[in-house]
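These notes are about the structure you will find just below.
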Amino acid sequence: MKTLVTALAAASLALLAGPTTAGETPAPDDAQIYVGWPNDGEIINARQFRVWFGLRNMGVAPAGVEKAGTGHHHIVIDTDLPPMDEPIPNDPNHLHFGGGQSEALIELDPGVHTLQLLFGDHDHTPHNPPVMSRKITVTVR
């Protein structure tokens, strides 16, 4: 019983502490990023559809442009967020929009998918604190 209590206490402290690592580029505490469309739970009747990104209290700049208070969007599809202290991977589950885009045409196979936005700095590394949307679920038909 003592081991279980110790394990639960350690887990509680870890949850309270939050992420232990993050990128080095600062972000305002009030920065917000969100998926403007599609909405959570949306049923999409096309494999190819447009996603638009919303951002508050920060600016958008292309990858490679180092300017305070800016970054660019990444969509994380059907997977968990990557490590917050490393560059965001560039693969089919992590789409980069380093041109400063605020919307994108994406294509997904039919089925249920998750989408989450993660804002990256000039080097594609999440900010500190990380700026991320909530994860939404869509169904593609």
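Before moving on, here are some points about what is shown:
- Taking packing as the residue-averaged number of other Cβ atoms within 10 angstrom, the listed peptides 55-62, 122-129 run from highest to lowest as 122-129, 55-62.
- 15 Å tail of the calculated P(r), the stretch 38-112, as % of Cα pairs: 63 percent
- For L81, the shell of other residues with beta-carbons less than 13 Å away shows a net charge of -2, using +1 for Lys and Arg and -1 for Asp and Glu.
- Helix 2-17 axis, angle to the chain major axis (alpha carbon atoms, nearest 10°): 40 degrees
- The calculated FRET efficiency for the pair I77 and D123, based on their C-beta separation and a Förster distance of 22 Å, comes to about 0.55.
- Net charge over other residues, Cβ less than 15 angstrom from the Cβ of H122 (K, R count +1; D, E count -1): -4
- Gained length - V112 relative to Q32, 0.36 nm times residue gap less alpha-carbon distance: 26.3 nm
- Amide N proximity, the stretch 104-123 versus D40 label position 7 Å along Cα-to-Cβ, cut-off under 19 Å: 112-119
- Residue among A46, Q101, L118 farthest towards the positive dipole end of the chain, charges placed on Cβ: A46
- If you look at the Cα atoms of the chain, you get an Rg and a Dmax of 16.9, 55 Å.
- Net charge contributed by nearby residues that have their C-beta within less than 10 Å of E66 (K/R +1, D/E -1): -1
- Counting only Cβ charges, +1 for Lys and Arg and -1 for Asp and Glu, the dipole size of the stretch 23-140 around its Cα centre is about 400 debye.
- Structural descriptor for the chain: relative contact order 33 percent, calculated from alpha carbon pairs under 8 angstrom and at least 6 residues apart.
- With contacts taken as Cα pairs under 8 Å at a separation of at least 6 residues, the stretch 39-110 carries a relative contact order of 42 percent.
Since every read-out is calculated from the coordinates, none of them should be taken as a lab result. As the structure is a prediction and not an experimental result, all values here were calculated from the model. We place every Cβ from the backbone using ideal geometry, glycine too, and count neighbours over all the protein chains shown.
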